[in-house]
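The values are calculated or read from the model by the stated rules, or taken from the named source; none is laboratory data. Everything numeric in this text was worked out from a predicted model, so none of it was measured. Note: ideal-geometry Cβ built from the backbone for every residue, glycine included; neighbour counts use all protein chains shown. Side chains included, ligands, DNA and RNA excluded: accessible areas come from the protein's heavy atoms. Shrake-Rupley method; radii C 1.70, N 1.55, O 1.52, S 1.80 Å.
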Amino acid sequence: MRRVWQWLIVASLAGTSCDRPHASVADFATERERMVKEQLVMRGINGERVLAVMNKVPREQFVPESLRAASYTDQPLPIGYDQTISQPYIVAFMTEQLRPEPQDRVLEIGTGSGYQAAILAELVAEVYSIEIIEPLAKTAESTLQRLGYKNVHVKVGDGYKGWPEHAPFDSIIVTCAPDHVPHPLIEQLKEGGRMIIPVGPFGDQDLYLLEKKNGQLERRAVSPVRFVPMTGEAAKRQVNGDQ
């Protein structure tokens, strides 16, 4: 199903802006500004810091070269290994829901292309990002280093287990969908912290915002979404019915 969906994304780009010559840095800057105005502001993203960062980070650097002309279209794009880079609106929406502060330490589950990590790196002190697919992790780490993001730490591993060595975290963002909220992530979330996570099977997911108060989680569904499934331990527990 995911392969068909990603093929449709690529096919839908045929005959569009992807056919024009390679865009210049100025062209991308113009498209980025338009994306912020038309895709974010008009849909209710209003945090000044989030909007400024979305207008700064070069999304084209995080997508395959063959799709760079479509970097600022209102859709996810395939990045290989049955994974995608989320549409700009979803990245901005999830980021805004976390209410990031300059002193925060954030855990990201699902590095993917590294774009979400770069957005967060502009807003917080440290970003710890885990990717289970090693080639994606290495490529993302290389891109982030090349662009000068020294406060992003990328690790190859199973995001279900989190990164206990650096816990607790002020906030946690999950960019792949388990069928339940992983208990290790709950444990690694700081008191008063926020977690944004998609939950459910592919095609029937909701994005949840969780806040830890007095050791308990307050949970609220904020949007229907479609993310790639969380693999590794999450997939094993789903098969076994063990949460």
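Tally time: how many residues in the stretch 65-78 are open to solvent by less than 40 Å² (accessible area, probe 1.4 Å), part of a loop (DSSP other than H, G, I, E, B) and out of contact with any Ser or Thr (no Cβ under 8 Å at 6 or more places or on another chain)? Count: 2.
Of Q75, Q116, Q87, Q103, all but one fail to be polar (S, T, N, Q), within 18 Å of Q188 (Cα to Cα) and out of contact with any Gly (no Cβ under 6 Å at 6 or more places or on another chain); the exception is Q103. A search for C-beta distances below 8 Å between a residue of the stretch 17-36 that is closer than 18 Å to P88 by Cα and open to solvent by 70 Å² or more (accessible area, probe 1.4 Å) and any residue that is modelled with pLDDT of 95 or more and among the polar types (S, T, N, Q), counting only pairs 6+ apart in sequence or on different chains, returns E33/N55.
If the condition is being of a type in the set (D, E) and part of a helix (DSSP H, G or I), then the stretch 89-119 contributes only E96. Tell me which residues, restricted to the stretch 37-54, are part of a helix (DSSP H, G or I) and of a type in the set (A, V, I, L, M). Across the stretch 37-54, the qualifying residues are L40, V41, M42, V50, L51, A52, V53, M54. With the structure loaded, tell me whether S129 is open to solvent by 10 Å² or more (accessible area, probe 1.4 Å), polar (S, T, N, Q) and either assigned to a strand (DSSP E or B) or at negative phi (or both) or whether it fails that test. It is false that S129 is open to solvent by 10 Å² or more (accessible area, probe 1.4 Å), polar (S, T, N, Q) and either assigned to a strand (DSSP E or B) or at negative phi (or both).
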